[in-house]
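Structure, as structure tokens:
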Amino acid sequence: MYDHYTIELRKGAIGDMQVVRSNAAKSVLDASTLIDGWRDNALQRDGVTWQADEVDNHGNLYGMAEGVVWQISCVPPLTEPLVNA
């Protein structure tokens, strides 16, 4: 059980991705807002084309820009409730 969501923006080769940003959120709304902001920022700033608008049921969202893989990861997935939330 988790008491917060850890959201990371990563880029690089699968299996060797580097964390670009990392943050914690105490609610689904806060986590979703952070994910949306990072997704939109990467689209505008780096030209990342995302596979979807939201993280999947495993807490992942993947994109691509100029041959580089991007990932937004949310642990635990947003479908899992937090303890003491």
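The values are calculated or read from the model by the stated rules, or taken from the named source; none is laboratory data. It should be emphasised that the depicted structure is a prediction, and the values quoted were computed from it without experimental measurement. A quick note on method: Cβ atoms are made from the backbone with ideal geometry, for glycine too, and the neighbour counts reach across all protein chains shown.
For segment 68-85: of the residues being within 15 Å of Ala24 (Cα to Cα) and β-branched (Val, Ile, Thr), which is surrounded by the fewest Cβ atoms within 10 Å (Cβ to Cβ)?
Val83
Check off (1) of a type in the set (A, V, I, L, M, F, W, C); (2) out of contact with any strand residue (DSSP E or B) (no Cβ under 9 Å at 6 or more places or on another chain); (3) not in a loop (DSSP other than H, G, I, E, B) for Trp70 and give me the number that stays unchecked.
Checking Trp70 against (1) of a type in the set (A, V, I, L, M, F, W, C); (2) out of contact with any strand residue (DSSP E or B) (no Cβ under 9 Å at 6 or more places or on another chain); (3) not in a loop (DSSP other than H, G, I, E, B), the one that fails is (2).
For residues that are touching a strand residue (DSSP E or B) at 6+ places or on another chain (Cβ under 8 Å) and in a helix (DSSP H, G or I), scanning just segment 34-67, find the one that is surrounded by the most Cβ atoms within 10 Å (Cβ to Cβ).
Ile35
Looking only at segment 15-33, count how many residues are touching a residue at least 40 places away in the same chain (Cβ under 8 Å) and either more than 18 Å from Leu82 (Cβ to Cβ) or in a loop (DSSP other than H, G, I, E, B) (or both).
So the answer is 3.
Taking the conditions exactly as written (in contact with a Leu (Cβ under 6 Å, 6 or more places away or on another chain), under 11 Å from Trp70 (Cβ atoms) and surrounded by fewer than 17 Cβ atoms within 10 Å (Cβ to Cβ)), does Val20 satisfy them or not? Break it down into steps so the answer makes sense when it comes.
Working: in contact with a Leu (Cβ under 6 Å, 6 or more places away or on another chain): yes; under 11 Å from Trp70 (Cβ atoms): yes; surrounded by fewer than 17 Cβ atoms within 10 Å (Cβ to Cβ): yes.
Spelling it out, Val20 is indeed in contact with a Leu (Cβ under 6 Å, 6 or more places away or on another chain), under 11 Å from Trp70 (Cβ atoms) and surrounded by fewer than 17 Cβ atoms within 10 Å (Cβ to Cβ).
Quick one: which residue in Asp36, Asp16, Asp53, Asp30 is within 14 Å of the chain's Cα centre (by Cα) and modelled with pLDDT under 95? Lay out the reasoning, then the answer.
Values: Asp36 fails: modelled with pLDDT under 95; Asp16 fails: within 14 Å of the chain's Cα centre (by Cα); Asp30 fails: modelled with pLDDT under 95.
Selected residue: Asp53, the only one of Asp36, Asp16, Asp53, Asp30 that is within 14 Å of the chain's Cα centre (by Cα) and modelled with pLDDT under 95.
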